[in-house]
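Input: a single structure, listed below in structure tokens.
Taken together, the values in this text are just the output of simple stated rules run on the coordinates, not laboratory data. It should be emphasised that the depicted structure is a prediction, and the values quoted were computed from it without experimental measurement. Cβ atoms come from the backbone with ideal geometry, glycine included; neighbour counts cover every protein chain shown.
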Amino acid sequence: MTKPAQRLADLGLTLPDAPKPLAAYVPSVRAGNLVFVSGQLPFRDGNLIATGPVPSAVSIEQARDASRQCVLNALAVLADAVEGDLDRVRQIVRLGVFVASDPTFTDQPQVANGASELLQDIFGDLGRHARAAVGSVALPLGATVEVEMIARVE
Amino acid sequence: MTKPAQRLADLGLTLPDAPKPLAAYVPSVRAGNLVFVSGQLPFRDGNLIATGPVPSAVSIEQARDASRQCVLNALAVLADAVEGDLDRVRQIVRLGVFVASDPTFTDQPQVANGASELLQDIFGDLGRHARAAVGSVALPLGATVEVEMIARVE
Amino acid sequence: MTKPAQRLADLGLTLPDAPKPLAAYVPSVRAGNLVFVSGQLPFRDGNLIATGPVPSAVSIEQARDASRQCVLNALAVLADAVEGDLDRVRQIVRLGVFVASDPTFTDQPQVANGASELLQDIFGDLGRHARAAVGSVALPLGATVEVEMIARVE
């Protein structure tokens, strides 16, 4: 299997700087072999790339991109937790994906696939994770998506 | 204690086939002795048995049945993770229960009890779990309930 | 570092009795070195100190106090899980903070900081946790906030 760092390069992606928490918590905590990554918003270059609910404010396709960006940010945090070496990730264990949703929106899985597919592209079988995707009435800073992650590492 | 498989039979229940994920994730991931089961919807024989929020579209009683169905599906996934032998389940650790809710609905615990009581019926003390039950503005495919689970296994 | 029990006293706080679950689950489950604490509501002396969404029914400041109360209740549960000795807490690992929110409310992190800051006040670095804070359309009993916790213990 190609290494995660190489896969990122192949996909034309570079990890951003790990986002700083918005408040009184930390980007990740390690407990045994599990790393718990805090909920990530779709920041890119300091700005949210999608705000407001799906579909009235944001299309499914834009929301997919936002969930993918959340995962990039989560991976930046995870990389910091393993001293920059994503080869030390043994499994992406679980994603929690919250999608800001109008009350009639029911395609949260499509939105969350932006996150899930990127993880499989980067990590292969090690990126295949359990997931809960749900709608949320409103998310921090008006973000369209928030993604939290648990990973197993060496 | 009676074995889980026997208790299921006593209750007149059979585990369904483990539902396939709706998208780019897997039904469960094991990390050490913990199995993380993806969020399950109230599918029965291929159809959702409850859609829309409580109480405007679905009664509390129907929603309780739906949360119970989610747990049956979660147990089918968990059984697959332990080669069909639910005796290897040492503890149901945590349930996350999301209930599609009208803004004024506040009886999420009653709905979630459909899930929780079934686990205790099947596993006895080993089925007594920590739980978070919350309202959601909208869930995948319009489902009334989504349940995710963490279990400790041999 | 000052001991958690001393810090609680310094802050003029005493742990309440651990709240009883509203239903068919337990206050916490231990799995290995992790303790999973069930979602806690802002009960104080048997009554919810904040009900309804932010900001139409409850101000941000009141909601912050409510999230702090949820954490006090979670710590009471956690203390029970370690035989009353909070010195055995090695790390607060993760908080899930659900904030009952009007659709336009986006300051969930401010609300959740009431919970997060208290943990750091009490535990210092051991209180610095990963976090997901999201909006919820409605919470059990109409509570304004629900907080669940994972801690690592001896």
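Working from Cα positions, state the angle (0 to 90°, nearest 10) between the long axis of helix B:60-81 and the longest principal axis of chain B.
Relative to chain B, helix B:60-81 is tipped by roughly 30 degrees.
Just tell me how shielded B:58-66 is by partners: mean number of partner chain Cβ atoms within 10 Å of each residue's Cβ, no decimals.
Numbers: counts 0, 0, 0, 0, 0, 0, 0, 0, 0.
Rounded to a whole number, the mean comes out at 0.
Quick one: compute the contact order of the stretch C:31-153, relative version, from alpha carbon pairs under 8 angstrom and 6+ residues apart, as a percent. Please report the intermediate quantities before stating the final value.
On the way: 262 pairs, mean separation 52.0, N = 123.
This gives 42 percent for the stretch C:31-153.
Put +1 on the Cβ of each Lys and Arg and -1 on the Cβ of each Asp and Glu in the protein assembly as shown; which of B:P19, C:A9, C:L118 then has its Cα farthest toward the positive end of the dipole?
The Cα lying farthest towards the positive end belongs to C:A9.
Take the Cα pairs of the stretch C:48-105, get the Kirkwood Rh, then feed it into Stokes-Einstein at 20 °C and 1.002 mPa s and tell me D in µm²/s. Please report the intermediate quantities before stating the final value.
Values: Rh = 13.0 Å.
For these conditions, the coefficient is 165 µm²/s.
So what's the back-of-envelope 222 nm ellipticity for chain B, counting only DSSP H runs of four-plus at -39500 (n - 2.57) apiece and dividing by all residues, rounded to 500?
Working: 3 runs with 45 residues, N = 154.
Dividing the helical sum by the residues of chain B leaves -9500 deg cm²/dmol.
Nearest 10 degrees is fine. How inclined is helix B:108-123 to the longest principal axis of chain B, computing both from alpha carbons?
Rounded to the nearest ten degrees, it is 20.
Taking a label point 7 Å out from Cα toward Cβ, give me the nm distances from C:R88 to the same spot in the other copies, shortest first, one decimal.
3.0, 3.0
Nothing charged except the Cβ atoms of Lys and Arg (+1) and of Asp and Glu (-1): what's the magnitude of the dipole of the protein assembly as shown about its Cα centre? Round to the nearest 20 debye. Working shown, then result.
Values: 39 positive and 51 negative charges, 129 e Å.
The dipole magnitude comes to about 620 debye.
Ranking C:T144, A:T106 by Cβ neighbours within 10 Å, fewest first, what do you get? Display every interim value, and only then the final one.
Numbers: C:T144 29, A:T106 19.
Going from sparsest to densest Cβ surroundings: A:T106, C:T144.
Put a label point 7 Å from Cα along the Cβ direction on C:P16, then list its distances to the equivalent points in the other copies in nm, shortest first.
Its label point is 3.8, 3.8 nm from the equivalent points in the other copies.
For the stretch C:31-153, count all C-alpha to C-alpha pairs, find those more than 18 Å apart, and express that count as a whole percent of the total. Could the numbers behind the result be given before it?
On the way: 3397 of 7503 pairs.
Counting pairs separated by more than 18 Å, the tail of P(r) holds 45 percent.
Give the cross-link partners of A:K3 among the lysines, using a straight C-alpha distance below 27 Å as the criterion and excluding same-chain residues fewer than 8 apart.
A:K20
Could you tell me the center-to-center distance, by alpha carbons, between the stretch B:1-65 and the stretch C:126-146 in angstrom?
24
Fewest first, what order do A:F98, C:F105 take by the number of other Cβ atoms within 10 Å? Each step should come with its number before you reach the end.
Values: A:F98 31, C:F105 22.
Exposure proxy ranking, most exposed first: C:F105, A:F98.
If neighbour count is taken as other Cβ atoms inside 10 Å, put B:E148, C:E146, C:E83, C:E61 in order from fewest to most. Mind dumping the intermediate values first?
Values: B:E148 24, C:E146 27, C:E83 7, C:E61 12.
Fewest-to-most ranking of B:E148, C:E146, C:E83, C:E61: C:E83, C:E61, B:E148, C:E146.
Just how large is the dipole of the stretch B:16-154 about the Cα centre, in debye to the nearest 20, putting +1 at every Lys and Arg Cβ and -1 at every Asp and Glu Cβ?
Details: 11 positive and 16 negative charges, 66 e Å.
Roughly 320 debye, rounded to the nearest 20.
How far is C:L141 from itself in the other copies, in nm, if each label sits 7 Å out from Cα along the Cα-Cβ line, shortest first?
3.4, 3.4
State the three equivalent ellipsoid semi-axes of the stretch C:78-146, derived from the C-alpha gyration tensor as the square roots of 5 times its eigenvalues, in descending order and whole Å. Numbers along the way, then the final one.
Numbers: eigenvalues 140, 39, 14 Å².
Equivalent-ellipsoid dimensions as semi-axes: 26, 14, 8 Å.
Work out Dmax and Rg for the protein assembly as shown from the C-alpha atoms and quote the Rg first, both in angstrom.
Over the protein assembly as shown's Cα set, Rg and Dmax evaluate to 20.3, 58 Å.
Which stretch or stretches of the stretch B:79-99 have amide N atoms under 16 Å from the point lying 7 Å from B:E154's Cα along the Cα→Cβ direction?
Correct set: B:79-92.
Please report the residue of chain B with the smallest beta-carbon distance to the B-to-A rotation axis, and give that distance in Å, no decimals.
Residue with the nearest Cβ, plus whole-Å distance, for chain B: B:V137, 2.
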